[in-house]
1. With ILE360, ILE309 as the choices, which residue is in contact with a helix residue (DSSP H, G or I) (Cβ under 9 Å, 6 or more places away or on another chain) and among the hydrophobic types (A, V, I, L, M, F, W, C)?
2. For segment 48-57, how many residues are in a loop (DSSP other than H, G, I, E, B) and on the phi < 0 side of the Ramachandran plot?
3. Test of understanding: among LEU258, LEU312, which residue is over 15 Å from the mean Cα position of the chain (by Cα), hydrophobic (A, V, I, L, M, F, W, C) and either at pLDDT 90 or above or farther than 30 Å from GLU339 by Cβ (or both)?
4. Taking only segment 124-155 into account, find how many residues are within 18 Å of the chain's Cα centre (by Cα) and surrounded by fewer than 23 Cβ atoms within 10 Å (Cβ to Cβ).
5. Does segment 210-255 hold any residues that are in contact (Cβ under 8 Å) with a residue 24 or more places away in the chain and among the basic types (Lys, Arg), and which are they?
6. Filter segment 27-52 down to residues that are out of contact with any Gly (no Cβ under 7 Å at 6 or more places or on another chain) and of a type in the set (Val, Ile, Thr) and give me whichever is modelled with the highest pLDDT.
7. Among the numbered criteria (1) among the aliphatic types (A, V, I, L, M); (2) more than 18 Å from the chain's Cα centre (by Cα); (3) modelled with pLDDT under 85, which single criterion is violated by LEU348?
Amino acid sequence: MELEEGGPNGEGEAEEMEKENYTDIPMKEIRTRFPGAVRKKAYTFDGLGNYFTKEWHLNEGRGKEFCWYHVELPKANQKLALSAQYLIDVLCPPLKLQDILSLVSNGPFCGHVDGALVFRVNSPGPASSDFTLRIAARVTENSLITVSLGRVPRLGFSPVGQSLLSEIPTVESPSFARETKEGDAIVIKEHVLEFLLTMNHSEGADNPVPCTISNLVFHVLDTHVDHIQDIVTKLEIELDAVELELDKGSFALKKQMLDDRRFPKMHLNLQRLLQVIAYGEQVFPRVREKCCTKSWFTSEDIVALEELIGRLRRLKENVGFIANRVTAIQAGLDSWQAEQINKKLYYLSFLSMVFLPLSIITGVFGMNVGGVPWTGQDDPAIKAGFRSVMFVSVVVLLLLLLCFTFPAIYARIVTWRKKRALRRSWSLNRKSFLKRTMKGGSHERRVYTHL
């Protein structure tokens with residue numbers, strides 16, 4: 001997670017995307033078991049729109065001041081117990097083991113642990129996957145401790161007006177690198193520009209500095225939802241590009257997609273993303289309910305949390321729609337593959353039809369019996385051999401045809417019997433109806449004659 005390293009005049013988040021190495025090693029890591037294993041950031045806020053970096057001492061603020069401590073776990077396939085050891089190494093003391101376990105465990109959770117509000121949205125799965133998202137927080141009146149897996153975009157903040165998007169940038173190119181730099185022009189790399197195009201929000205420099213702890217909590221949840229939205233947008237762009245390529249009808253491309261199992265993997269990633277959203281739907285309403293009882297949580301942030309929950313639900317519907325698109329594309333590829341197999345089977349059947357008469361002729365004239373025609377075997381003693389073999393073959397063929405056609409013959413017989421019984425029943429009912437009608441009419445005539 002890339003946070004701004006300075007005060008209000010810190011650089012934007014888009015410029016810090018280049019920093020991949022762990023350069024921030026606090027003094028406490030001198031005596032830790034895993035030095036440099038995690039990224040740590042510590043900030044203090046004065047409640048007036050200003051923030052300052054501080055040393056890694058897990059103390060709480062006083063009065064209007066509050067502190068934020070953030071730990072970023074590495075995105076590597078490792079056991080969950082190792083991540084817990086990392087947190088124990090950097091957060092104990094003052095946190096206890098139950099606090100660490102509530103922050104690092106998988107699954108949704110929201111409740112009070114040791115007097116502090118703790119919530120987490122940690123999805124299971126390989127930690128190196130881009131679709132495995134984890135965010136956990138421990139909130140008190142004057143401090144916030146957050147733990148994330150990997151970098152969460154837009155988590156940094158700075159005063160409004162320090163945004164990269166408010167300036168006129170220059171995209172870096174080989175020709176520009178040879179030119180002399182004039183003035184204080186902003187230069188962004190091409191991959192940074194592509195990243196900004198996939199974002200549904202402004203970059204981190206437009207985030208105002210929180211003035212209350214409730215602003216900070218909402219900011220963390222909002223960036224988590226923005227992160228999910230960015231992943232969904234990238235998936236939509238990738239899916240649109242794939243559909244355009246498939247419309248061109250490239251045989252090699254379709255074959256490669258089937259061999260790589262691209263869409264089943266994409267469908268699995270979407271299911272993981274849906275699980276993250278489902279966890280958020282469980283946790284965020286409970287966070288709102290528990291924060292409503294806190295005097296330090298403002299009503300404006302409560303309303304913002306309600307809007308965030310509605311946005312998360314709409315995002316779930318969008319991910320479900322993308323999953324249906326992936327399923328439809330995979331079904332189309334399976335149908336195309338079946339059509340290709342049917343064509344090959346058709347060609348094979350055509351070749352079999354061409355060579356079947358030759359096989360029959362070869363089998364007939366290759367029989368080791370007497371009396372085969374056009375072979376000069378005219379000895380009367382062995383002449384009946386060929387006729388006997390052909391007779392047996394015809395009998396076997398008739399038996400096989402009877403076995404294959406018996407179900408159809410049986411079905412026809414059963415249908416004929418049902419129709420016959422139905423016709424007979426209808427004729428009996430008709431005769432009975434006419435008989436009753438005639439009897440009723442004669443009785444009425446007798447009554448009228450008597451009167």
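The values are calculated or read from the model by the stated rules, or taken from the named source; none is laboratory data. Predicted model, so just to flag it, every value in this text is computed and none were measured. In this analysis, Cβ positions are derived from the backbone assuming ideal geometry, glycine residues included, and neighbour counts consider all displayed protein chains.
1. Working: ILE360 fails: in contact with a helix residue (DSSP H, G or I) (Cβ under 9 Å, 6 or more places away or on another chain).
The match here is ILE309.
2. Taking segment 48-57 as the starting set, the residues that turn out to be in a loop (DSSP other than H, G, I, E, B) are 48-50, 54-57.
From what is left, the residues that are on the phi < 0 side of the Ramachandran plot are 48, 50, 54-57.
Counting residues in segment 48-57 that are in a loop (DSSP other than H, G, I, E, B) and on the phi < 0 side of the Ramachandran plot gives 6.
3. Details: LEU258 fails: either at pLDDT 90 or above or farther than 30 Å from GLU339 by Cβ (or both).
Of the residues listed, the single one that is over 15 Å from the mean Cα position of the chain (by Cα), hydrophobic (A, V, I, L, M, F, W, C) and either at pLDDT 90 or above or farther than 30 Å from GLU339 by Cβ (or both) is LEU312.
4. First, pick out the residues of segment 124-155 that are within 18 Å of the chain's Cα centre (by Cα): 124-134.
Then drop every residue that is not surrounded by fewer than 23 Cβ atoms within 10 Å (Cβ to Cβ), which leaves 124-132.
Result for segment 124-155: 9.
5. Selection gives LYS234, LYS254.
6. Among those that are out of contact with any Gly (no Cβ under 7 Å at 6 or more places or on another chain) and of a type in the set (Val, Ile, Thr), it is VAL38.
7. The failed condition is (3).
Okay, residues lined up against (1) in the same structural domain as ARG261 (by TED's automatic domain parsing); (2) without any contact (Cβ under 8 Å) to a residue 60 or more places away in the chain; (3) closer than 30 Å to LYS64 by Cα; (4) in contact with a His (Cβ under 7 Å, 6 or more places away or on another chain):
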position	(1), (2), (3), (4)
PRO285	yes, yes, yes, no
CYS292	yes, yes, yes, no
PHE297	yes, no, yes, no
ARG311	yes, no, no, no
ALA331	yes, yes, no, no
ASP334	yes, yes, no, no
SER352	no, yes, no, no
MET367	no, yes, no, no
